[in-house]
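See structure below.
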Amino acid sequence: MKRWDLRPVEIRNLFNPAFCGLVLFRALVAYEDEDARGMPFSLALLILPLCLQRDARETLAKAIALPRLSSSR
């Protein structure tokens, strides 16, 4: 693992604690808009890895864009 000061500025910015806190806050607020009970703790642990890891972001974006089958008959 590279020392912090040897990492590119973009990577350092992504892992800035204030930025990560803002990402978490916005995700929690958005979830609460859909479900008044709030986000389960176990799901909250997945927010940053899914948001900050490029492969996961791209895979989720493709999955969301796929047409879905209707479950109503």
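The values are calculated or read from the model by the stated rules, or taken from the named source; none is laboratory data. Small disclaimer: the values here were computed from a predicted structure and weren't measured. Glycine also receives a Cβ, built like all others from the backbone with ideal geometry; neighbour counts cover every protein chain displayed.
Worth a mention:
- Residues that are of a type in the set (Asp, Glu), within 19 Å of ARG57 (Cβ to Cβ) and either surrounded by 10 or more Cβ atoms within 10 Å (Cβ to Cβ) or touching a strand residue (DSSP E or B) at 6+ places or on another chain (Cβ under 9 Å) (or both), drawn from the range 1-46: none
- Of all residue pairs spaced 6 or more apart or on separate chains, those with beta-carbon atoms under 8 Å, a first member in the range 28-57 that is farther than 19 Å from ASN16 by Cβ and a second member that is modelled with pLDDT under 90 and assigned to a helix (DSSP H, G or I) are ALA56/PRO49; ALA56/LEU50.
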